[in-house]
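This report concerns only the one structure given below.
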Amino acid sequence: MNDPMPADPDRRDAESRPADARTEPRGQGCLVAAGMMIGPVVGWFFGQVALGLVAGLVLGAAAAVAMTLRDNRRSSGRTGGE
């Protein structure tokens, strides 16, 4: 028989929840990669390409950590100041 619901109960539960309540991981690695690509370009304008690379890496990693913490807070049901 064709069962319209997936066999995995965790997936079934995830599909029944609203989109903003799902705990699916997001792609934080793209923030690190974007920082490492944009940082040297910005650093080039100031004559400090290596410093721009490091700054882009740090800012991208900080944004990725912030998103991870926000996702963890959402998945545990806490919303912080909201």
Sites matching chymotrypsin sites (Phe, Trp or Tyr not before Pro) across the range 30-78 that sit in DSSP coil, with at most 14 neighbouring C-beta atoms within 10 Å: Phe46
Determine the shape class of the range 29-74: with a ≥ b ≥ c the square roots of the Cα gyration tensor eigenvalues, call it rounded for a/c under 1.5, and otherwise prolate if a/b is greater than b/c, oblate otherwise. prolate
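Computed from the coordinates by the stated procedures, all read-outs in this text should not be read as laboratory data. Here the structure is a predicted model, which is why all the values come from computation and not from measurement. So basically every Cβ, Gly included, is an ideal-geometry build from the backbone, and we count neighbours across all protein chains shown.
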